[in-house]
Amino acid sequence: ENLLVMRRGAFEESEKSRLLEAIDAAIVWTHNAAVQVTLDGKQAVDVTGDQRAQATYRYDEPDSPCLRIVKIASKKTAKPGEIVEFTLRFDNLGDQVIKKVVIVDNLTTRLEYVPTTAQSSRRADFTTEVNEGDSLVLRWDFADPLPPGEGGLVRFHCKVR
């Protein structure tokens, strides 16, 4: 998590290989259960990147809001019982305020959310619900609008089953 893009939302060429390694680790744990984003009450779609761990989202209308998500994991492999830490960085890349941001991450069967580990750098309501894989859907509903150029982090830990 000690990467410039995770701390401030700015990509640094010298960190590219470490960032790609952390993104690849997130993809390993994510499979097809991608991060989902709702902007101002509308389901957003990825317009660039691999939505499992790094993508830019907007909805299909002119002048729509634009949110980049970068998801990283602390490790690519782990044994049952070990903890994997996840961090999602989100940034408003557009030129308008996003009034309402919702980020949803769907855990795979291999992962069990560790209670009370969810954190957010911005004020958010955090909820969970059981998904089809006998794991959880993690949801952050951000309370405050997200101005252009601003962003934040969400973090959580999972135990490998």
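Rounded to the nearest 500, the helix-only mean residue ellipticity at 222 nm of the chain stands at -3500 deg cm²/dmol, with each DSSP H run of n ≥ 4 adding -39,500 (n - 2.57). Kirkwood radius, the stretch 71-161, all distinct C-alpha pairs, inverse of mean reciprocal distance: 14.0 Å.
Solvent-accessible surface of the chain, averaged per residue with a 1.4 angstrom probe and all protein chains in place: 52 square angstrom. Per residue, the average separation of C-alpha pairs within less than 8 Å and at least 6 apart gives the chain a relative contact order of 24 percent. Over all orientations, the chain has a Cα convex hull whose mean projected area works out to 8.9 square nanometres. Return the carbon/sulfur percentage of the accessible area of the stretch 57-161, one whole number, probe 1.4 Å, all protein chains in place. Here it works out to 47 percent. Other residues within the sphere of radius under 11 Å centred on the Cβ of Q119, judged by their own Cβ, net out at +1 (K and R +1, D and E -1). To test your reading of the geometry: what angle, between 0 and 90 degrees and rounded to tens, separates the Cα axis of helix 16-30 from the longest principal axis of the chain? The helix 16-30 is inclined about 70 degrees to the chain.
The values are calculated or read from the model by the stated rules, or taken from the named source; none is laboratory data. Worth saying up front: this structure is predicted, and the values here are computed from it rather than measured. All Cβ positions, glycine included, derive from the backbone under ideal geometry; neighbour counts span all protein chains shown. We work out accessible area using only protein heavy atoms, side chains counted, and drop any ligands, DNA or RNA first. Shrake-Rupley method; radii C 1.70, N 1.55, O 1.52, S 1.80 Å.
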